[in-house]
Amino acid sequence: MAASLFSASWYRVAPLRLRLRSHAEIHRQRFRGEVWYVLQDHQTGRFHRLSPSANLMMSLMDGRRTIAAIWDLVGQKSGDDPPTQDEVISLLSQLHSSDLLQGEMPPTSMNWASAPLPPCAEIF
């Protein structure tokens, strides 16, 4: 059974306007004939592998668009396999706990953040 696109916790992150911190950089790499996106944290020296959908989402996070608007855009471009709201919440939680997000975040919006990502973890 396919996972639901929607989440009961979506209201916590939907209005947020976030962006990557200046010490984070995304690199596009080709490895064994496949394209990979790698998020490099220059502050900690850690690397995180991103899916194409997660990369698109992060490239749209400019601090002006809401997470809800970004999710809609990514869903339109993802065709038959859009990220679920729970996947987006998980992505944001992991990035927040790794200190890679910047923006106005109410204290209660990210209080469920998980532990920091292990080095070279895959997101999405």
**Request:** Starting with the highest mean, order 22-28, 94-100 by the number of other Cβ atoms within 10 Å, averaged over the residues of each peptide.
**Result:** 94-100, 22-28
**Message:** Sort V38, V13 by Cβ crowding within 10 Å, fewest neighbours at the top.
**Reply:** V38, V13
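Hey, can you rank 58-65, 47-54 by average C-beta count inside 10 Å, highest first?
47-54, 58-65
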**Request:** List every residue whose amide H lies under 5 Å from the amide H of I26, counting only residues 5 or more places away in sequence or on a different chain, with H placed 1.01 Å from N in the peptide plane.
**Result:** Q40
**Fill in**
Here the gain from full extension of S9 to S97, 0.36 nm per residue of separation minus their alpha-carbon distance, amounts to 29.9 nm
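Tell me, in nm to one decimal, what length is gained between H27 and A69 on full extension, where the rule is 0.36 nm per residue of separation less the Cα-Cα distance?
So the chain would gain 12.7 nm between H27 and A69.
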**Asked** At what distance in nm do the modelled label points of V38 and S78 sit from each other, each positioned 7 Å from its Cα along Cα→Cβ?
**Response** 2.5
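Only the coordinates and a few stated rules stand behind these numbers; no lab work does. Quick caveat, the model's predicted, so the values are computed rather than measured. Heads up, the Cβs are rebuilt from the backbone with ideal geometry, glycines too, and the neighbour counts pull from every protein chain shown.
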